[in-house]
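**Student:** Below is one structure. I have some questions about it.
The values are calculated or read from the model by the stated rules, or taken from the named source; none is laboratory data. Since the structure is predicted, the reported quantities are computational estimates derived from the model, not experimental observations. Using ideal geometry, Cβ is built from the backbone for each residue, glycine included, and neighbour counts are taken over all protein chains shown.
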Amino acid sequence: MSTTTTRTTPPEGFIMPDFGDRGRTPAPQGNGATAAATATQGTGAAAYSGPRKMAFICSKGNLDMAYPALIMGNAALGEGVEVHIFFTFWGLDIINTKTYDNLKFTLSGNTAMHMPDLGRLRPGLEHVSMPQAMGNLPGMTGFATRMMKKQMEEMEIPSIPDFLDLLQASGAHMYACRLTYDMMKMIEADLHPGVEGVISAGDFIDIAEGAQVVFV
Amino acid sequence: MPTNTLNGRTFEVDTEGFLTRREDWSEDLATDLAALIDLELSEDHLATLRFMREDSATTGVTPTLRRMQTVGGFDIKTLFALYPGKPAKKMAWLSGLPKPVGCV
């Protein structure tokens with residue numbers, strides 16, 4: 001847009017944040033160093049010398065397991081990092097428009113389940129885990145899900161559909177896993193429009209070259 | 001606190017270079033700072049910076065990109081185009097606000 005070539009140099013001793021632009025700004029034509037850097041690209045991870053990349057693998061479809069990668073991916077984009085997210089197994093529910101607004105949070109199997117609000121009944125109760133059997137009571141998952149969504153909203157964290165829109169607008173690259181997509185009998189019409197394609201694990205490994213990979 | 005001097009103006013900054021005193025900021029200063037990161041401020045840029053200042057004046061914190069979208073009505077894609085790389089950090093710096101701390 002309005003990038004000009006009239007960059008001024010900061011005065012001596014001027015303190016300013018590192019916006020990571022030095023590596024990004026294209027060097028003038030005929031710069032030997034840049035040409036050499038480009039030439040070494042694509043010759044294996046050790047030779048990767050491009051901008052910082054992060055790749056996330058989302059394999060879970062619980063509400064509380066959907067957020068970590070989305071939040072970290074969004075933060076990475078804000079820091080100018082290239083972001084790729086690969087949705088596989090139950091993680092496909094995060095990008096399936098038929099399910100993504102209906103992800104759930106359950107007490108079952110979560111031993112860290114304690115509620116801050118209980119501290120008001122009796123001090124210390126906020127740190128006590130709930131009995132596992134409570135998670136199996138009818139309606140408990142729906143209750144816990146509503147509660148978590150409410151808490152997220154209070155923190156101004158967007159819902160999953162809104163979050164995907166945000167990531168798409170911020171330039172995240174999102175993919176569905178071919179194998180599990182076929183296994184779950186998903187159809188392309190159900191994918192969030194930000195998903196660039198249904199790709200194989202091998203494709204993803206290629207894309208993730210030089211990236212820091214985070215598995216969720 | 002260290003100070004920066006740019007084109008005759010001296011202002012206090014934190015260790016990373018973000019302004020520490022709101023009142024030191026002016027649109028002229030923003031224009032001069034922008035030149036250091038290869039940006040020429042357009043009316044679109046200034047609209048974002050003005051919103052940043054107005055919003056932070058009431059909330060006390062630097063707005064996040066998400067807030068720029070939901071409250072300010074700015075398009076996220078446009079913000080990335082206006083401030084390539086690290087939009088939230090660049091906007092905070094240019095509008096004389098602390099580095100943003102929100103996660104989303």
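**Student:** Using the structure shown, decide if A:Asp93 is under 21 Å from A:Arg178 (Cα atoms), acidic (Asp, Glu) and touching a residue at least 24 places away in the same chain (Cβ under 8 Å).
**Tutor:** Values: under 21 Å from A:Arg178 (Cα atoms): yes; acidic (Asp, Glu): yes; touching a residue at least 24 places away in the same chain (Cβ under 8 Å): yes.
Yes; evaluated as a whole, the condition is true for this residue.
**Student:** Quick one: in region A:51-109, of everything that is among the β-branched types (Val, Ile, Thr) and assigned to a helix (DSSP H, G or I), which residue is farthest from A:Glu209 (Cα to Cα)?
**Tutor:** To start, the set of residues in region A:51-109 that are among the β-branched types (Val, Ile, Thr) comprises A:57, A:71, A:81, A:83, A:85, A:88, A:94-95, A:97, A:99, A:106.
Checking the rest, the ones that are also assigned to a helix (DSSP H, G or I) come to A:71, A:94.
Values: A:Ile71: 22, A:Ile94: 24 Å.
Only one residue fits best here, namely A:Ile94.
**Student:** On to the next question. Taking interchain pairs and intrachain pairs at least six residues apart, which have beta carbon atoms under 9 angstrom, with the first residue in region B:73-93 and touching a residue at least 60 places away in the same chain (Cβ under 8 Å) and part of a helix (DSSP H, G or I) and the second buried (at least 22 other Cβ atoms within 10 Å of the Cβ) and aliphatic (A, V, I, L, M)?
**Tutor:** What qualifies is B:Ala92/B:Met52; B:Trp93/B:Leu19; B:Trp93/B:Leu33; B:Trp93/B:Ile37.
**Student:** Could you look through region B:60-72, keep only residues that are more than 9 Å from chain A (Cβ to nearest Cβ) and not in a helix (DSSP H, G or I), and pick out the one that is farthest from A:Pro158 (Cα to Cα)? Don't jump to the end; show me each part of the working.
**Tutor:** Kept after step one, since they are more than 9 Å from chain A (Cβ to nearest Cβ), are these residues of region B:60-72: B:60-63, B:68, B:71-72.
Next, only the ones that are not in a helix (DSSP H, G or I) stay: B:60-63, B:71-72.
Values: B:Gly60: 21, B:Val61: 19, B:Thr62: 18, B:Pro63: 15, B:Val71: 13, B:Gly72: 16 Å.
Once the filter is applied, the top-ranked residue is B:Gly60.
**Student:** Sticking with this one: Can B:Leu65 be described as surrounded by 14 or more Cβ atoms within 10 Å (Cβ to Cβ), of a type outside the set (Lys, Arg) and under 21 Å from A:Thr8 (Cβ atoms)? Let's see the steps before the verdict.
**Tutor:** Numbers: surrounded by 14 or more Cβ atoms within 10 Å (Cβ to Cβ): yes; of a type outside the set (Lys, Arg): yes; under 21 Å from A:Thr8 (Cβ atoms): no.
When the stated conditions are applied, B:Leu65 does not pass them.
**Student:** Would you be able to say whether some residue in region B:45-56 is more than 13 Å from the chain's Cα centre (by Cα) and in a helix (DSSP H, G or I)?
**Tutor:** Of region B:45-56, the ones more than 13 Å from the chain's Cα centre (by Cα) are none.
No, the conditions are met nowhere in region B:45-56.
**Student:** While we're here: So for region B:37-49 (the condition being β-branched (Val, Ile, Thr), surrounded by 20 or more Cβ atoms within 10 Å (Cβ to Cβ), over 22 Å from A:Gly73 (Cβ atoms) and away from chain A (no Cβ under 11 Å)), does at least one residue qualify? Even if it seems obvious, please write down each step before you answer.
**Tutor:** Let us first name the residues in region B:37-49 that are β-branched (Val, Ile, Thr), namely B:37, B:48.
Within this subset, residues satisfying the condition of being surrounded by 20 or more Cβ atoms within 10 Å (Cβ to Cβ) are B:37, B:48.
With the extra rule that they be over 22 Å from A:Gly73 (Cβ atoms), the set shrinks to B:37, B:48.
Next cut, away from chain A (no Cβ under 11 Å) only: B:48.
The answer is yes; a qualifying residue exists.
**Student:** I've got another one for you. When you go through (1) in contact with a Leu (Cβ under 8 Å, 6 or more places away or on another chain); (2) touching a residue at least 12 places away in the same chain (Cβ under 8 Å) one by one for B:Gln69, which number turns out not to apply?
**Tutor:** B:Gln69 satisfies all of (1) in contact with a Leu (Cβ under 8 Å, 6 or more places away or on another chain); (2) touching a residue at least 12 places away in the same chain (Cβ under 8 Å) except (2).
**Student:** Here's another thing I want to ask about it. Of all residues in region A:62-111 being buried (at least 20 other Cβ atoms within 10 Å of the Cβ) and over 15 Å from the mean Cα position of the chain (by Cα), which is modelled with the lowest pLDDT?
**Tutor:** Looking at residues that are buried (at least 20 other Cβ atoms within 10 Å of the Cβ) and over 15 Å from the mean Cα position of the chain (by Cα), I get A:Leu107.
**Student:** Of the numbered conditions (1) surrounded by 14 or more Cβ atoms within 10 Å (Cβ to Cβ); (2) in contact with a helix residue (DSSP H, G or I) (Cβ under 8 Å, 6 or more places away or on another chain), B:Asn7 fails exactly one; give the number of that condition.
**Tutor:** For B:Asn7, the exception is condition (1).
**Student:** Another question about this same structure. Of all residues in region A:134-160, count the ones that are within 14 Å of another protein chain (Cβ to nearest Cβ) and assigned to a helix (DSSP H, G or I).
**Tutor:** We begin by selecting, within region A:134-160, every residue within 14 Å of another protein chain (Cβ to nearest Cβ); these are A:151-160.
From what's left, assigned to a helix (DSSP H, G or I): A:151-154, A:160.
Result for region A:134-160: 5.
**Student:** Any chance region A:178-189 includes a residue that's in the same structural domain as A:Ser59 (by TED's automatic domain parsing) and within 30 Å of B:Pro63 (Cβ to Cβ)? Break it down stepwise before answering.
**Tutor:** Residues of region A:178-189 in the same structural domain as A:Ser59 (by TED's automatic domain parsing): A:178-189.
Next cut, within 30 Å of B:Pro63 (Cβ to Cβ) only: none.
No: region A:178-189 contains no residue that is in the same structural domain as A:Ser59 (by TED's automatic domain parsing) and within 30 Å of B:Pro63 (Cβ to Cβ).
**Student:** Moving on to the next point. Failed condition for B:Ala57, given (1) of a type in the set (A, V, I, L, M, F, W, C); (2) farther than 26 Å from A:Val83 by Cβ; (3) surrounded by 14 or more Cβ atoms within 10 Å (Cβ to Cβ); (4) more than 10 Å from chain A (Cβ to nearest Cβ), with all others met?
**Tutor:** Answer for B:Ala57: the failing condition is (3).
**Student:** Quick check: anything in region B:3-10 of a type in the set (A, V, I, L, M, F, W, C) and more than 7 Å from chain A (Cβ to nearest Cβ)? Steps first, answer last, please.
**Tutor:** First pass over region B:3-10, keeping only residues of a type in the set (A, V, I, L, M, F, W, C): B:6.
Adding the requirement that they be more than 7 Å from chain A (Cβ to nearest Cβ) leaves none.
So far as region B:3-10 goes, no, none of its residues is of a type in the set (A, V, I, L, M, F, W, C) and more than 7 Å from chain A (Cβ to nearest Cβ).
**Student:** Which ones in region B:5-19 are free of Cβ contacts under 8 Å to residues at least 24 places away in the same chain and of a type in the set (S, T, N, Q)?
**Tutor:** B:Thr5, B:Thr10, B:Thr15
**Student:** So, B:Glu16, is that one of a type in the set (D, E, K, R), within 11 Å of chain A (Cβ to nearest Cβ) and either assigned to a helix (DSSP H, G or I) or loosely packed, with under 13 Cβ neighbours inside 10 Å (or both) or not? Give the derivation first.
**Tutor:** Numbers: of a type in the set (D, E, K, R): yes; within 11 Å of chain A (Cβ to nearest Cβ): yes; either assigned to a helix (DSSP H, G or I) or loosely packed, with under 13 Cβ neighbours inside 10 Å (or both): no.
So B:Glu16 fails the test.
**Student:** Any residue in region A:117-137 that is crowded, with 16+ Cβ neighbours inside 10 Å and within 23 Å of A:Arg178 (Cα to Cα)? Give the derivation first.
**Tutor:** Of the residues in region A:117-137, the ones crowded, with 16+ Cβ neighbours inside 10 Å are A:130, A:135.
Then keep just the ones that are within 23 Å of A:Arg178 (Cα to Cα); that gives none.
The answer is no, given that none of the residues of region A:117-137 is crowded, with 16+ Cβ neighbours inside 10 Å and within 23 Å of A:Arg178 (Cα to Cα).
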